[in-house]
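Nothing in this text is a laboratory measurement; each read-out follows from the coordinates by a stated rule. Source: prediction; values computed, not measured. Don't worry about glycine lacking a Cβ; one is built from the backbone with ideal geometry, like all the others, and counts go over all protein chains shown.
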Amino acid sequence: MRSFEYVRATEVSDAVRLVSARPDAAYLAGGTTQLDLMKDGVLGPGMLVDITRLPLAGTERRGEALHVGALTTMEELAADPTVAERLPLVREALLKGASTQLRNMATIGGNLLQRTRCRYFRDPDVPKCNKRLPGSGCAAVEGVPRMHAVLGANERCIALHASDLAVPLVALDAVVHIQGPTGERRILLRDFYLLASESPDVENHLVHGELITGVEIPLLPAGALSGYLKVRDRMSYEFALTSAAVALVISDGIIHEARIGLGGVGSRPWRALDAERELVGSPPGTEAFRRAARVAVQDAWTLPGTAFKVELAQRCLVRELRTVSGVAA
Amino acid sequence: MSGTVVGAGINRVDGPRKVAGAAPYPSDFNVHHQVHAALVGSTVAAGRVVRIDTAAAEAAPGVIRVLTHLNMPRLERGPMTALGASPPPPMQDDLIRHYGQHLALVVAESPEQAAAAARLVAVEYERTEPLLDVLDPKAPQVIDPWGTDSDRGDTEAALASAEVKVTQTYTTPDNTNSPLGLFATLAIWDRDRLTVHDTTQWPSMVKETLAAVFEVPESSVRVLVPYVGGAFGAGLRAWQHVILTVAAARLIGRPVKLVLTRPQMFSCVGHRPDTVQQVSLAANRSGELTAIDHRTVSSLAMEDDDYEAVSAGSAFAYRCRNVVTRDVQARLNRPAPCSMRAPAEGQGNFALESAMDELAYALAMDPLQLRLRNDTDVDPRSGLPWSSKALRECYQVGAERFGWSSRDPEPGSMRDGDWLIGYGMAGCSYPWYSVPCSARATVSRDGSALVLSAVTDIGTGTYTVMTQVSAEHLGLPLGLVRFDLGDSDMPAAPQAGGSGLTGSLGNAVVDACGRLVRRFAELAAEDGESPLHGVPPEAVTAGGGRVHVKGESSRGESYIDILSRNGLPELSADGSSTPASPEDLGMAPSGAFGAKFVEVRVDRDLGLVRIARVVSAIDGGRILNEKTGRSQIIGATIGGIGQALFEDTVTDPGTGRIANGTFGDYLIPVNADIPDLDVVFVGEPDRFSPIGTKGIGEIGLVGIAAAVANAVRHATGRRVRSLPITIDDLL
């Protein structure tokens, strides 16, 4: 039986010190991904540092931003009044993720660090996986990749980042607060992730031992229109085929600000900056939305099994832009 | 007999135990001194084991024994069963036939130790190219495996001269049964006596198989399964993991327990095999079918069998003079298929009823009218009248409840915002099946009854409906009757499967109860002190806890009094049922019939398909319990929706590995996918079976996939001929 040490940390600094000191140590929060991967033999940490007792839960309004402690659960954040009022797209994305049971366990910090659902990554009997065994190849590319990425992906790795929450967060320019052995730092969430096409096995900029302590989400301006659309085969408990988080500020018939995140398509939660630029200054309308959608997926790298996602992602984005802006078909 | 107990929608008698968590499922059983097993599966689909290194596993903490083909005892294959051959015995040689094939069994003190050590078994393979595609010309084919192929009239000529014709190819994927309860086996040897707790739908068969394989008397083997956590057909065989667990327990001299993992449930206990079906239909302009040609290739394991006559149902679905059906199975390096709820019909009906819909479009005819026009009161194979068939009534009542007449035939014409609305329908049947069964009824001196048979209740309501049947035929209130099952020491019984159990068992229970009443009547008739003294037993019936003269309930006496005066603690009678021969009765035995009506909504941009309504009108003969019967149809309808929109067991091309063997990746419907489901029973008790039932375990699933596909066609103008129907098909 594979044994590991279990330590319950009571101070952030203790937790960081413990994990930093051991290359095979890992943090344990809600455990909804970590424990699955351990049971499946994908991860085998020698020590788990339980951080669930650290004082990192809860939200706090700080001016025009909401600070979210890393240990806040998905359900708690979805129920937060500021989120409901000023960040409806975040609430929608949270409630369309996982299941109630999982959302009661899963934390915001953990959600951002969730591992891909790729079944080739999650099965250690599969010999080819550049994420699990760097240099071994990619079985998903040769397999059945319907649930895989088309942006930030290539023949080395097509693993999808499956978080719903992270999609509006990259669109909103959320900032990740990180505590490391030598101090604190902050990083924009959209700069936090690496592309699977470039580094399948290294997924983000965290250095071993660094701990996400919170996320700061800038609030949308009053009057902004926003929403999250998730397209999937069944109505609940499934990851997105494609999704779109959209926020628009429209006045005098012109789009003044646009924020777009795409899910279900990228090896990281995808910020569609070019599509946003396409919209700003235009009147809201189907033509502008379609142009923006085309731009959003122009760099797609597809396989026969994933090609449909390029079309679906565009339709998903156009639909959500229409919905939030109230533009009729 | 009051006659009001049977048919009433009483609650499940086992319901309180189930919802309280007090019903023991196979994986819940534990015994003193037991050890635990874990399986090691092949990670290639074809080839040979060159070397298997178990040293690290054997050295791991808690490990007691590692079995492989090198040290596994040589075993005979189990006996033939009513459903075909037993699976081949496990781990007898170094050949690899499919990915996930059992290569080793690790036994340890704890389940965690066994699972961890199983990862340490290192296997070296010699790989060969696996055969994975059902259409691979290199795959060995089994032609007409069950002698079910049909040839009637001159189909070729009828197709050549057809006024209107449809020829299309339809495909269905592998589906996996996916019961919630993980299959479990706990094997306990006591010298040469064997007790096994096992997830099975058929304790008598498992007993016979284990006795034959392990060469002990059948009377020394006991198989127990009071509750089954679902099975949907996966429990119809004594699978290789059962044999391995029993073998390990014997070798080690301690009880061994094995619980399969969810991924193993995808490769070790069967699945619905994929099919490629070609259907040609011909009709004259008035919509009379002039030819049906239905040819199927379905997948089969390299060294195992499966009864899956996919095309065969098309030979008796409609009145048609010219019919060809062909079934071929292709042997592949994939895990063994087996029955999954509505085996064969589930796939075959999708093709036939999709083709009927296509024919209706080609004829510019209402799909419902096309079916009514070709309905038949006789079995077209034999010309004998059906023993009961209310399919016409299913169509009429179902259409009425659904509001079929408000359907605008123009595709895409019905809308609600971004949603395209489609109405689709399908007719369906599930063939009659019946095999011998036995039961024993006992009334004790306190006037309570116990009725036994070695059947299982796989969630269908067998405990409940047989309590009702027993109570009615013994003339006792429900509270004084216990029906028990799930123990191979009880009277021998067939499987819960093939929509055949309720009829076979019900007739056996009726027979046992009738014989028991007669025994009481005979005792009373011979007894000078009884009010029934001298009354011929055939003039006596049961009611109110008593036996009495028919039509004269005051003249009789209670079970309690008869037993007491005779100094008997109890009285028992054995009963049995054997299906009659169709020729003797001059009619074709009917299975259930049904008509399915579905409303779908399809998002015109996003391709989302949502089921808005389903109406199922079912002719199931006599319904023993309106509530559990309805639940059967509802559950199967959900299975049908899964087949239509979600379920797809994916095999990796090249490796033969199942790519989505978890509940996160293999989609089955969630509650949010299921609207209110309307179920209506029509028809009369069947004339062929004394109890009048026809079996409703499968009919609820059949026809749903076709009705959904037909509704999607109506909504969108697109015909999807490959299941499941997903977003990518509709962009």
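Worth pointing out:
- Pairwise FRET efficiency - A:Leu35 versus B:His69, Cβ, R0 = 45 Å, nearest 0.05: 0.85
- Dipole of the protein assembly as shown, positive direction: furthest Cα of A:Met147, B:Pro173, A:Ala21, with charges on the beta-carbon: A:Ala21
- About its Cα centre, the dipole of the protein assembly as shown is roughly 1120 debye, where the only charges are +1 on Lys and Arg Cβ and -1 on Asp and Glu Cβ.
- 10 Å Cβ shell holding at most 16 others, DSSP loop, chymotrypsin sites (Phe, Trp or Tyr not before Pro): longest site-free stretch of chain A: A:5-300
- Spin-label proximity, A:Met235 to the range A:63-82 - amide N less than 15 Å from point 7 Å beyond Cα toward beta carbon: none
- The H on the amide N of B:Thr81, modeled in the peptide plane, is under 5 Å from the matching H of B:Ser86, each at least 5 residues off or on a different chain.
- Here the calculated FRET efficiency for B:Arg565 and B:Ala20, from their Cβ-Cβ distance with R0 = 41 Å, stands at 0.50, rounded to the nearest 0.05.
- Arranged from fewest to most other beta-carbon atoms within 10 Å of their beta carbon, B:Arg319, A:Arg119, B:Arg630 become B:Arg319, B:Arg630, A:Arg119.
- Length released on extending from B:Arg77 to B:Asp28, taking residue separation times 0.36 nm less the Cα-Cα span: 14.8 nm
- With a 10 Å cut-off around each Cβ of A:230-243, the average count of Cβ atoms from other chains is 5.
- Exposure proxy ranking for B:Asp274, A:Asp252, B:Asp678, based on other Cβ atoms within 10 angstrom of each Cβ and starting from the fewest, stands as A:Asp252, B:Asp678, B:Asp274.
- Inter-site label distance for B:Asp527 and A:Ala21 at 7 Å from Cα along Cβ, in nm: 8.5 nm
- Counting only Cβ charges, +1 for Lys and Arg and -1 for Asp and Glu, the dipole size of the range A:225-325 around its Cα centre is about 260 debye.
- Overall form of the range B:10-158 per C-alpha gyration tensor (a/c, 1.5; a/b vs b/c): oblate
- Peptide A:140-149 has a mean shielding of 3, counted as Cβ atoms of other protein chains within 10 Å of each residue's Cβ.
- Label zone at B:Glu583 (point 7 Å along Cα-to-Cβ), backbone N below 17 Å, the range B:358-399: B:381-385
- Length-normalised contact order for the range A:225-325 - Cα pairs under 8 Å, 6+ apart - percent: 28 percent
- Amide H contacts for A:Ile255 (H built 1.01 Å from N in the peptide plane; partners 5 or more residues away or on another chain; cut-off under 5 Å): A:Gly281, A:Ser282.
- In this simple spin-label model, placing a label point 7 Å from the Cα along the Cα-to-Cβ direction at both B:Asp676 and B:Arg127 gives a separation of 5.5 nm.
- For the range A:225-325, projected area of the alpha-carbon convex hull averaged over all directions, nm²: 6.1 nm²
- Shape category assigned to chain B from the gyration tensor of Cα positions, a/c cut at 1.5: oblate
- Partners of A:Lys230 within straight-line reach, counting lysines whose Cα lies under 30 Å from its Cα and excluding those fewer than 8 residues away in the same chain: A:Lys39, A:Lys96, A:Lys131, A:Lys309.
- Shape class for the range B:653-726: prolate, because the ratio a/c of the largest to smallest gyration tensor axis (alpha-carbon atoms, square roots of eigenvalues) is 1.5 or more and a/b beats b/c.
- Between the beta carbons of B:Leu384 and B:Leu478, assuming R0 = 45 Å, the FRET efficiency works out to 0.75 to the nearest 0.05.
- Each of the peptides B:307-317, B:25-35 was scored by the mean count of other Cβ atoms within 10 Å over its residues; in descending order, highest first, they stand as B:307-317, B:25-35.
- Estimated distance in nm for a label pair at A:Ser199 and A:Leu43, the labels positioned 7 Å out from Cα along Cα-to-Cβ: 1.8 nm
- Protection proxy ranking, peptides A:144-152, B:362-370, average beta carbon neighbours within 10 Å, highest first: A:144-152, B:362-370
- In percent, rounded to a whole number, the relative contact order of chain B is 17, using alpha-carbon pairs under 8 Å and six or more apart.
- Rounded to whole numbers, the Karplus 3J(HN,Hα) couplings from phi for the range B:151-158 are 9, 9, x, 10, 5, 4, 5, 5 Hz, using 6.51 cos²θ - 1.76 cosθ + 1.60 with θ = phi - 60°, and x at Gly and Pro.
- Cβ neighbours within 10 Å from other chains - mean over B:654-664: 5
- Calculated from backbone phi, Karplus (6.51, -1.76, 1.60) coupling profile of the range B:178-183 in Hz, x at Gly/Pro: 6, x, 5, x, 5, 5
- Backbone N atoms of the range B:329-350 closer than 19 Å to the 7 Å Cα→Cβ label point of B:Trp146 belong to residues B:329-332, B:336-350.
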